[in-house]
Amino acid sequence: MKIVVCVKQVPDTAGEVKFKPDGSLDRAAMETIMNHDDKAGLEAALRLKEQYGAEITVVTMGLPKAEDVLREAMAMGADKAILVTDRVLGGADTWATSTTLAGAIRNLEYDLIITGRQAIDGDTAQVGPQLSEHLGIPVISYAQKIEVEGDSVVVERQYEDRYHVVRAKMPCLITALAELNEPRYMTPGGIFDAYKKEITVWGRADLKDVDDSNIGLAGSPTKIAKASDKVRKGAGTKVDNLGAAEAADYIVNTLKEKFVI
Amino acid sequence: MDFQLSKEHEMARKLFQDFAQNEVKPLAQETDETETFPRATVEKMQKYGFMGIAVPKEYGGQGCDPLTYVMCVEELAKVCGTTAVIVSAHSSLCCDPILHYGTEEQKQKFLVPLAKGEKLGAFGLTEPGAGTDAQGQQTKAVLDGDEYVLNGSKCFITNGKEADIYIIFAVTDIVTDAKGRSKKIISAFIVEKGTPGFTFGTKEKKMGIRGSSTYELIFTDCRIPKENLLGKLGEGFKIAMHTLDGGRIGIAAQALGIAEGALDLTIAYTKERKQFGKSIAAQQNTSFQIANMATRIEAAKLLVYAAAKAKETQKVYTVEAAKAKLFAAETAMAVTTECVQLHGGYGYIREYDVERMMRDAKITEIYEGTSEVQRMVISGALLR
């Protein structure tokens, strides 16, 4: 089985968030980690590899320093890594990103593509499903459990209060939830091996069947109007000496005044 | 000269840091309080190869350099001195001598499971009457047919009752030198837990590293196969000293980590703690003490990393190891004492980690060669 896992290098939310003047994230200036959902997706792939045997290729689009997450993925057990990086790809929204990733993945053989549900820096949950559309394969999103049966996958798709069991024939795409599993740590020896391996670097010219109008900032339908750091809340208003009923009225009226309810 | 860590080492540090923070730190206080060996943590470390970091891959290890191993012990010690010494004693004092002096059969039989973490290792040199003075050894090994018969006891043995494989030193001969003085000839043996005649004495109640299993080992007509002799007959003293050179780098790393961990906590605490209307970090005494500690820790780190590098590149690294351990251990003691002081009354309360760290730090000045022994080693090399 050949599995492609898409991973994204995201800002470590434990650190400070920095923006560029155009409102997009200044990724180069922030501490970074592998996106949690993607890491769970990689772990799922590694478990499938242990169970059924598989070759795992990790793919990321990003700055050259996104190499770090690919090394980490290989130190966890991925076999191959592809970094898609090019100046013309910068500033991509989900549409341009999924178009680009599809252009890269068209060069690969695969039975299964696993992406994270969403990245903690954008929270859109769009790239995985869009990617499946570009490639013309089924998608099962929000996977909380993955099994392989013959040439199909059987996936538990999470809903708020239930889950659906969905079967899809491979090749298909699954988006993984961080709750899917507890990703393994790297091993010390795995880290040193990962740095001995080659990372394939692809640019614009390597993307297959991709139109220039669909990549990078120019090819992104989404324009960021404004972005800001967390808004600090004020001290608030403290109201004393009200009975329970009066207090409830006060809260409801205040929320109405502020058009919250 | 390159002071920049490679990307591999940076990533390895991140791994050890994440593991220490997520898996070890939450248990550190309980491990100390209940004096319980952290078996579950050891099993996790086994899973990720931490028990064989510097052992070559062909013997089940990770095939990394001594610096990677040192960083592992350092990061563990930042949050839990007990966990750090378990790895250090196992790796430096048991895996290392088998790797260097063992036969191929011994490596396959003992080193492979040790490096994979399936078995835990320990090292028995110290006796009630033989600490710094290894010539005071009383444990004897006598060849009887195809077996050596061990009689005697060892004390203060780290990983004592939890280990599976032990490197045990015993007197195999007494010779008279040219001046007519008698000299004990010591040899090293690999002894497995469960060997008839090998039992455990009392568990030591310690000041610090209280989760590490420190026991007395007792050998009563304990018969071990002849092929368990490690190295050549009579080579024991050399093996012990060479092994301790490596061990001291591990303990130096432990001491370094304890100091770093205590300083990190103290920086955070002094920024939060307010007295006289401002944080105590804003008081010049605090800030100067923090500057002093950080500088001293950095110096210790350079010595420890240099010793690790020396172990990788040099055949003999006795002096480098002694300097690293001496300085790092005394740094750990001084820094943790000051950290408790900066915590004030809270630093004396067991809920605060610096209290434990100060107790844990003390042993680094004592075991695997006291600070005085390190001074003897260093000056001995200079005054020859």
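Report, by residue number, each residue of segment B:324-355 that is touching a Cys at 6+ places or on another chain (Cβ under 9 Å) and buried (at least 24 other Cβ atoms within 10 Å of the Cβ).
Within segment B:324-355, the subset touching a Cys at 6+ places or on another chain (Cβ under 9 Å) is B:347, B:354.
Correct list: B:Val354 only.
Against the conditions (1) touching a helix residue (DSSP H, G or I) at 6+ places or on another chain (Cβ under 6 Å); (2) free of Cβ contacts under 8 Å to residues at least 40 places away in the same chain; (3) under 26 Å from B:Ser182 (Cβ atoms), where does B:Leu125 fall short? Just the number, please.
With (1) touching a helix residue (DSSP H, G or I) at 6+ places or on another chain (Cβ under 6 Å); (2) free of Cβ contacts under 8 Å to residues at least 40 places away in the same chain; (3) under 26 Å from B:Ser182 (Cβ atoms) applied to B:Leu125, the lone miss is (2).
Anything in segment A:167-196 that is of a type in the set (Lys, Arg) and either away from chain B (no Cβ under 14 Å) or without any contact (Cβ under 8 Å) to a residue 24 or more places away in the chain (or both)? List them, or say none.
Keep residues of segment A:167-196 that are of a type in the set (Lys, Arg), which gives A:167, A:169, A:184, A:196.
Residues satisfying the conditions are A:Arg167, A:Lys169, A:Lys196.
Among the numbered conditions (1) surrounded by fewer than 22 Cβ atoms within 10 Å (Cβ to Cβ); (2) closer than 14 Å to A:Ala176 by Cβ; (3) in contact (Cβ under 8 Å) with a residue 24 or more places away in the chain, tell me where A:Glu147 comes up short.
The failed condition is (3).
Only residues that are part of a helix (DSSP H, G or I) and among the charged types (D, E, K, R): list them for segment B:264-291, please. Show your work before the answer.
Step one: list which residues in segment B:264-291 are part of a helix (DSSP H, G or I), which gives B:264-272, B:280-282, B:284-291.
Residues satisfying the conditions are B:Asp264, B:Lys271, B:Glu272.
Here are some conditions: (1) outside any loop (DSSP other than H, G, I, E, B); (2) surrounded by fewer than 17 Cβ atoms within 10 Å (Cβ to Cβ); (3) more than 19 Å from the chain's Cα centre (by Cα). A:Glu160 meets all but one. Which one does it not meet?
Answer for A:Glu160: the failing condition is (1).
For A:Ser228, work out the one condition from (1) closer than 30 Å to A:Val88 by Cβ; (2) surrounded by 10 or more Cβ atoms within 10 Å (Cβ to Cβ); (3) at pLDDT below 90 it doesn't fulfil.
Going through (1) closer than 30 Å to A:Val88 by Cβ; (2) surrounded by 10 or more Cβ atoms within 10 Å (Cβ to Cβ); (3) at pLDDT below 90 one by one, A:Ser228 breaks only (2).
Select from segment B:179-228 the residues that are within 20 Å of B:Gln137 (Cα to Cα) and among the β-branched types (Val, Ile, Thr) and list them in ascending order.
Residues satisfying the conditions are B:Ile185, B:Ile186, B:Ile190, B:Val191, B:Thr199, B:Thr202, B:Thr214, B:Ile218, B:Thr220, B:Ile224.
For residues in segment A:136-166 being under 20 Å from A:Lys8 (Cα atoms) and polar (S, T, N, Q), which is farthest from the other protein chains (Cβ to nearest Cβ)? Even if it seems obvious, please write down each step before you answer.
Residues of segment A:136-166 that are under 20 Å from A:Lys8 (Cα atoms), as a first pass: A:139-144.
Remaining after also requiring polar (S, T, N, Q): A:141, A:144.
Numbers: A:Ser141: 28, A:Gln144: 22 Å.
So, considering only residues that are under 20 Å from A:Lys8 (Cα atoms) and polar (S, T, N, Q), the one farthest from the other protein chains (Cβ to nearest Cβ) is A:Ser141.
Looking only at segment B:95-114, which residues are touching a Lys or Arg at 6+ places or on another chain (Cβ under 9 Å) and buried (at least 24 other Cβ atoms within 10 Å of the Cβ)?
Residues satisfying the conditions are B:Ile98, B:Phe110.
Against the definition (part of a strand (DSSP E or B), out of contact with any Leu (no Cβ under 7 Å at 6 or more places or on another chain) and surrounded by 18 or more Cβ atoms within 10 Å (Cβ to Cβ)), how does B:Val149 come out, yes or no?
Values: part of a strand (DSSP E or B): yes; out of contact with any Leu (no Cβ under 7 Å at 6 or more places or on another chain): yes; surrounded by 18 or more Cβ atoms within 10 Å (Cβ to Cβ): yes.
It is true that B:Val149 is part of a strand (DSSP E or B), out of contact with any Leu (no Cβ under 7 Å at 6 or more places or on another chain) and surrounded by 18 or more Cβ atoms within 10 Å (Cβ to Cβ).
Can you name the helices (runs of 4 or more DSSP H) wholly within segment A:33-106 that have at least 1 residues being within 14 Å of chain B (Cβ to nearest Cβ)?
On the way: elements: A:36-52, A:67-76, A:94-105.
Filter on segment A:33-106 gives A:36-52, A:67-76.
Residues that are at positive phi and touching a residue at least 24 places away in the same chain (Cβ under 8 Å): does segment A:65-79 have at least one?
Taking segment A:65-79 first, the residues at positive phi are A:77.
Next, only the ones that are touching a residue at least 24 places away in the same chain (Cβ under 8 Å) stay: A:77.
There is at least one residue in segment A:65-79 that is at positive phi and touching a residue at least 24 places away in the same chain (Cβ under 8 Å).
May I ask you to list the residues in segment B:181-226 that are assigned to a loop (DSSP other than H, G, I, E, B) and hydroxyl-bearing (Ser, Thr, Tyr)? Full working, then the answer.
Taking segment B:181-226 first, the residues assigned to a loop (DSSP other than H, G, I, E, B) are B:181, B:193-197, B:204-214.
Of everything in segment B:181-226, those that are assigned to a loop (DSSP other than H, G, I, E, B) and hydroxyl-bearing (Ser, Thr, Tyr) turn out to be B:Thr195, B:Ser212, B:Ser213, B:Thr214.
Looking only at segment B:1-36, which residues are modelled with pLDDT under 95 and of a type in the set (Phe, Trp, Tyr)?
Within segment B:1-36, B:Phe3 is the sole residue that qualifies.
Any residue in segment A:162-185 that is out of contact with any strand residue (DSSP E or B) (no Cβ under 8 Å at 6 or more places or on another chain), at pLDDT below 95 and more than 30 Å from B:Thr68 (Cα to Cα)?
So far as segment A:162-185 goes, yes, one or more of its residues are out of contact with any strand residue (DSSP E or B) (no Cβ under 8 Å at 6 or more places or on another chain), at pLDDT below 95 and more than 30 Å from B:Thr68 (Cα to Cα).
Can we say A:Ile199 is under 22 Å from the mean Cα position of the chain (by Cα), within 14 Å of chain B (Cβ to nearest Cβ), surrounded by 10 or more Cβ atoms within 10 Å (Cβ to Cβ) and not aromatic (Phe, Trp, Tyr)? Break it down into steps so the answer makes sense when it comes.
Values: under 22 Å from the mean Cα position of the chain (by Cα): yes; within 14 Å of chain B (Cβ to nearest Cβ): yes; surrounded by 10 or more Cβ atoms within 10 Å (Cβ to Cβ): yes; not aromatic (Phe, Trp, Tyr): yes.
Judged against the criteria, A:Ile199 is a match.
Please enumerate the residues belonging to segment B:115-125 that are surrounded by 20 or more Cβ atoms within 10 Å (Cβ to Cβ) and not small (Gly, Ala, Ser). Spell out how you get there, then give the answer.
Taking segment B:115-125 first, the residues surrounded by 20 or more Cβ atoms within 10 Å (Cβ to Cβ) are B:115, B:117, B:119-125.
B:Lys119, B:Leu120, B:Phe123, B:Leu125 - these are the residues of segment B:115-125 that are surrounded by 20 or more Cβ atoms within 10 Å (Cβ to Cβ) and not small (Gly, Ala, Ser).
Checking the structure you have, find out if any residue of segment A:150-159 is in contact with a helix residue (DSSP H, G or I) (Cβ under 6 Å, 6 or more places away or on another chain) and over 24 Å from A:Ala81 (Cα atoms). Steps first, please.
Initial filter on segment A:150-159 (in contact with a helix residue (DSSP H, G or I) (Cβ under 6 Å, 6 or more places away or on another chain)): none.
Checked segment A:150-159: no residue is in contact with a helix residue (DSSP H, G or I) (Cβ under 6 Å, 6 or more places away or on another chain) and over 24 Å from A:Ala81 (Cα atoms).
Tell me, please, whether a residue that is free of Cβ contacts under 8 Å to residues at least 12 places away in the same chain and in contact with a Gly (Cβ under 9 Å, 6 or more places away or on another chain) can be found in segment B:20-32. Give the steps one after another, and end with the answer.
Applying the first criterion (free of Cβ contacts under 8 Å to residues at least 12 places away in the same chain) to segment B:20-32 yields B:22, B:26, B:30.
Next, from what is left, pick out any that are in contact with a Gly (Cβ under 9 Å, 6 or more places away or on another chain): B:30.
Yes.
Taking only segment B:357-368 into account, find how many residues are assigned to a helix (DSSP H, G or I) and within 17 Å of B:Val73 (Cβ to Cβ). Reasoning before the result, please.
Here is the first cut: in segment B:357-368, the residues assigned to a helix (DSSP H, G or I) are B:357-364.
So of that shortlist, the ones also within 17 Å of B:Val73 (Cβ to Cβ) come out as B:357, B:360-361, B:363-364.
Counting residues in segment B:357-368 that are assigned to a helix (DSSP H, G or I) and within 17 Å of B:Val73 (Cβ to Cβ) gives 5.
Please go through segment A:143-186 and pick out each residue that is polar (S, T, N, Q) and within 15 Å of A:Glu43 (Cβ to Cβ).
Restricting attention to segment A:143-186, the residues satisfying the condition of being polar (S, T, N, Q) are A:144, A:152, A:158, A:175, A:181.
Scanning segment A:143-186 gives A:Gln144, A:Thr175, A:Asn181.
Counting just the residues of segment A:213-229 that are in contact (Cβ under 8 Å) with a residue 12 or more places away in the chain and among the charged types (D, E, K, R), which one comes out nearest to A:Gly15 (Cα to Cα)?
So, considering only residues that are in contact (Cβ under 8 Å) with a residue 12 or more places away in the chain and among the charged types (D, E, K, R), the one nearest to A:Gly15 (Cα to Cα) is A:Asp229.
Mind counting the residues in segment B:43-72 that are in contact with a Phe, Trp or Tyr (Cβ under 9 Å, 6 or more places away or on another chain), of a type in the set (A, V, I, L, M) and in contact (Cβ under 8 Å) with a residue 40 or more places away in the chain?
Total meeting the criteria: 5.
Looking for something over 30 Å from A:Ser152 (Cα atoms), out of contact with any Phe, Trp or Tyr (no Cβ under 7 Å at 6 or more places or on another chain) and in a helix (DSSP H, G or I) - is there at least one such residue anywhere in segment A:7-27?
Yes - at least one qualifying residue is present in segment A:7-27.
The values are calculated or read from the model by the stated rules, or taken from the named source; none is laboratory data. It should be emphasised that the depicted structure is a prediction, and the values quoted were computed from it without experimental measurement. Here Cβ is always computed from backbone atoms with ideal geometry, including for glycine, and neighbour counts include all displayed protein chains.
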